[in-house]
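The values are calculated or read from the model by the stated rules, or taken from the named source; none is laboratory data. As the structure is a computational prediction, the values presented were derived from the model and not from experiment. Don't worry about glycine lacking a Cβ; one is built from the backbone with ideal geometry, like all the others, and counts go over all protein chains shown.
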Amino acid sequence: MANEQKQKPAAQFRSGALSVSVWERRHNDKPFYNATPQRAYLDEKDTSESPDGTWKYTDSFSRDDLPVIAALLNQAFGWIIAQPTK
């Protein structure tokens, strides 16, 4: 595992603690994309990494998060459809 590099998103769209990451995948040597929405939060109970807490991520959103996530997903969609088809 030490020699493996962590894959980075092809694109990422953020607003505060909310983000949408776009991942490039390949099938028959052709690219396609998946989008992952998430919200970051600080778990102050978990101090294993830092005395202030640990940053964690969830795919659960509050009512007020939904329009922001929808806008970020729309941006991700625009980015995906702008990619050249090979």
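Tabulated data
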item: Test: residue in the stretch 38-47 that is surrounded by 12 or more Cβ atoms within 10 Å (Cβ to Cβ) and of a type in the set (Gly, Ala, Ser); result: yes
item: Tally, over the stretch 62-84, of residues that are farther than 11 Å from residue 15 by Cα and among the acidic types (Asp, Glu); result: 1
item: Considering residues of the stretch 64-82 that are of a type outside the set (A, V, I, L, M, F, W, C) and without any contact (Cβ under 8 Å) to a residue 60 or more places away in the chain only, the residue surrounded by the fewest Cβ atoms within 10 Å (Cβ to Cβ); result: 64
item: Matching residues, the stretch 2-23, being of a type in the set (Gly, Ala, Ser) and modelled with pLDDT under 90; result: 2
item: Matching residues, the stretch 1-23, being part of a strand (DSSP E or B) and either touching a helix residue (DSSP H, G or I) at 6+ places or on another chain (Cβ under 6 Å) or more than 16 Å from residue 57 (Cβ to Cβ) (or both); result: 11, 13, 15, 18, 20, 22
item: Scope the stretch 53-63; condition exposed (fewer than 11 other Cβ atoms within 10 Å of the Cβ), farther than 12 Å from residue 20 by Cβ and not polar (S, T, N, Q); matching residues; result: 63
item: Subset of the stretch 24-67 (residues that are among the acidic types (Asp, Glu) and either in a strand (DSSP E or B) or modelled with pLDDT of 95 or more (or both)); result: 24, 43, 59, 64, 65
